[in-house]
Amino acid sequence: MKTATSLIQQPKSKLWHRNLTSAIWGDYTLQAVLVIIGCIPAFITIAIMAMLIYETAIFFQQVPLWRFLTDTQWTPLFPNKTFGIMVLTSGTLLTTAIAMTVAVPIGLLTAIYLSEYAPQKIRYLLKPVIETLSGIPTVVYGYFALLCITPLLQKFIPNLAGFSPLSAGLVTGVMVVPIVSSMSEDAIQNVPQKLREAAYALGFTQPEIITKIILPLAFPGIIASFTLAASRSLGETLIASIAAGQIPTLTLNPLEPVSTITAFIIQLSLGDVAFNSLEFHTIFTLGTVIFLMTSILNTLSYLLVRRHRDRMLEVTIYSPEVETQNLAINYKSKSDRYSPEKTPKSRHIFQPAFAKRHLLDRLFKIFSIIPPLFPLTILGLLLVDVFQNGFSHLNWQFITAFASRDPKEAGIYVALVGTFWLLGLTAIFAIPIGVGAAIYLEEYLPDNLLSQFLEINLANLAAIPSIIYGLLGLGIFVYGLGFLTGQYSIISAGLTLSIIALPALIIATRSALRQVPDSLREGGSAMGMTRWQVLWHLVLPSAMPGILTGIFLSLSRAIGETAPLIAVGASTFIVFTPALSLEGLQSPFTALPVQIFNWVSRPEADFQQNAAAAIILLIGILLAINIFAIILRYCYGNKKQ
């Protein structure tokens with residue numbers, strides 16, 4: 001006979017089983033969805049490669065490969081067309097070489113100072129300011145190179161042209177300094193502290209420790225920072241397009257105007273290029289060249305970083321235990337007593353060497369303070385120049401006025417509205433995909449060859465030049481899905497910027513998930529929670545501050561892009577705003593970076609001052625997004641505590 005207790009417990013048990021079954025099936029369903037989302041970065045890479053290969057194959061059906069590699073002229077827009085890629089390659093490599101000449105010594109010495117010399121408070125203050133350089137939109141650097149650095153250099157180099165790879169390379173080098181300094185500092189700090197202590201115990205000075213112990217061990221990570229910075233310099237578009245000139249010339253003279261690969265892509269994109277024409281295929285062929293160059297460097301950088309990480313894990317610091325009797329001093333033994341005769345008689349030889357080493361230590365410490373001041377000085381000059389030229393033009397009439405051919409009546413209202421449109425669309429598309437892909441890659445995917453491939457793929461996507469994403473948007477969203485997007489429309493631009501924001505968002509979210517202790521996951525599983533319940537109720541709330549930071553940083557990077565918007569057909573002159581409807585999503589668009597690029601390219605001083613005012617507003621928007629992210633993270637962290 002069943003008791004009342006058993007009758008009550010039986011329905012509860014069936015209910016529990018039903019809930020458990022539904023939870024397990026729900027977990028399987030969500031895992032399947034996450035698998036699809038997690039493979040989206042791989043699909044993006046496949047789409048890029050397929051599109052570039054297809055268009056490049058059509059190009060080489062009309063242009064022989066031998067002529068493409070050996071011709072010494074580049075005139076695809078002339079009646080007598082020639083396609084010598086070495087002309088654009090020489091300008092690209094020249095600009096990159098100048099940039100690396102600036103970035104390598106300054107970035108490495110900055111990393112050494114921050115890691116080994118800077119006090120903790122100065123390091124916490126100085127590092128974010130230097131990393132701010134990497135968050136400034138490249139169109140702002142182009143403005144700075146053309147209107148500030150070039151006139152300044154012309155005072156010392158009278159024969160310097162108004163457009164030159166020297167100005168573009170110098171400013172590009174400043175832009176990639178944070179890449180070198182940040183990655184090199186991480187590599188230096190990964191060297192075990194006990195090696196430094198052991199070297200001090202042997203009488204090494206700090207410069208000797210740095211040059212003979214730290215730098216050799218951190219060498220793979222430092223080289224990885226150089227290769228990634230070189231890749232970033234090779235793919236830079238706006239600085240070269242604005243400041244280096246757009247004259248394809250086979251020269252290694254940094255004082256003459258040149259054209260780079262990415263700058264010529266922008267030049268063709270601004271013109272009226274017919275679909276499926278030879279010029280159209282030329283754009284994608286140039287994209288293939290820059291994609292191959294940067295992908296090789298990005299893969300090398302990733303492998304070097306991985307090798308450095310594995311190398312640091314293999315470093316073993318031995319602490320042998322020495323028997324106390326071996327260390328005991330027998331004071332009764334005459335042979336062990338202190339004897340003046342046993343002291344070295346050539347003390348005058350040791351003392352000058354020690355004084356010289358000590359002097360070199362002091363000089364190295366003083367000299368290491370100078371490199372971090374260089375990017376800070378450049379940042380200060382940039383802000384002073386922008387505010388000096390543009391602050392007087394920044395008023396309510398300028399913000400609310402439409403575009404005009406008269407610089408005194410021109411405003412940025414349409415560009416400002418377009419920027420917020422793109423910000424919202426990028427957030428809608430990128431956030432769920434980015435967070436979902438990060439969850440799958442970090443929480444579900446096992447460590448195997450597939451995960452290593454996806455890691456390399458994600459690292460490559462994060463470092464691919466943004467103009468390549470613009471070509472992807474041109475091929476897929478503008479022409480492939482043009483019947484849905486309306487071709488050159490704001491929805492095409494929003495989808496393109498979403499793809500650009502994905503790699504940074506995925507990497508930041510994975511880093512935040514990695515910071516959650518495994519004990520939290522194990523505790524949830526011990527309580528009978530499914531994997532998704534553990535993620536939803538325990539892991540994601542703990543990682544939310546880092547996830548929010550990654551979201552806002554990726555969005556701020558996306559809305560500062562210019563080259564991909566030009567590639568997908570951003571207009572430079574629009575006198576209406578998109579409507580809040582489906583037709584509005586398919587309407588032409590512009591944005592603040594595109595408007596700034598248009599005004600900087602004008603020779604009139606009033607337009608350039610308008611560009612400075614628009615830069616102030618763009619920097620203000622990016623700064624507001626970052627401040628909001630910090631406040632939200634702080635509030636969420638306090639709430640969690």
Enumerate the helices (runs of 4 or more DSSP H) found wholly within the range 68-145, keeping only those where 1 or more residues are surrounded by fewer than 23 Cβ atoms within 10 Å (Cβ to Cβ) and either of a type in the set (A, V, I, L, M) or out of contact with any Asp or Glu (no Cβ under 8 Å at 6 or more places or on another chain) (or both).
85-112, 120-131
Considering every residue within the range 584-593, establish whether at least one is assigned to a helix (DSSP H, G or I) and open to solvent by 10 Å² or more (accessible area, probe 1.4 Å).
yes
Of all the residues that make up the range 199-214, how many are open to solvent by 30 Å² or more (accessible area, probe 1.4 Å) and free of Cβ contacts under 8 Å to residues at least 40 places away in the same chain?
8
Filtered residue count, the range 567-583, keeping only those that are among the aliphatic types (A, V, I, L, M) and surrounded by fewer than 24 Cβ atoms within 10 Å (Cβ to Cβ)
5
Check the range 274-289 and report whether any residue there is on the phi < 0 side of the Ramachandran plot, in a loop (DSSP other than H, G, I, E, B) and either within 28 Å of the chain's Cα centre (by Cα) or at pLDDT 90 or above (or both).
no
Restricting the range 479-490 to residues that are surrounded by fewer than 23 Cβ atoms within 10 Å (Cβ to Cβ) and touching a residue at least 12 places away in the same chain (Cβ under 8 Å), which is nearest to E55 (Cα to Cα)?
Y479
For the range 547-566, enumerate the residues that are open to solvent by 50 Å² or more (accessible area, probe 1.4 Å) and either touching a Lys or Arg at 6+ places or on another chain (Cβ under 9 Å) or closer than 23 Å to T262 by Cα (or both).
R557
Looking at this structure, is F163 part of a loop (DSSP other than H, G, I, E, B), closer than 30 Å to V289 by Cα and hydrophobic (A, V, I, L, M, F, W, C)?
yes
Is it true that some residue in the range 538-561 is closer than 27 Å to R405 by Cα and assigned to a helix (DSSP H, G or I)?
yes
Considering every residue within the range 177-195, establish whether at least one is part of a helix (DSSP H, G or I), open to solvent by 20 Å² or more (accessible area, probe 1.4 Å) and of a type in the set (D, E, K, R).
yes
How many of the residues making up the range 404-423 are surrounded by 20 or more Cβ atoms within 10 Å (Cβ to Cβ), in a loop (DSSP other than H, G, I, E, B) and out of contact with any Ser or Thr (no Cβ under 7 Å at 6 or more places or on another chain)?
1
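The values are calculated or read from the model by the stated rules, or taken from the named source; none is laboratory data. None of the values given here were measured: they were computed from a predicted structure. Glycine gets a Cβ as well: all are built from the backbone with ideal geometry, and neighbour counts include every protein chain shown. Surface accessibility is based on the protein's heavy atoms, side chains included, excluding ligands, DNA and RNA. Shrake-Rupley method; radii C 1.70, N 1.55, O 1.52, S 1.80 Å.
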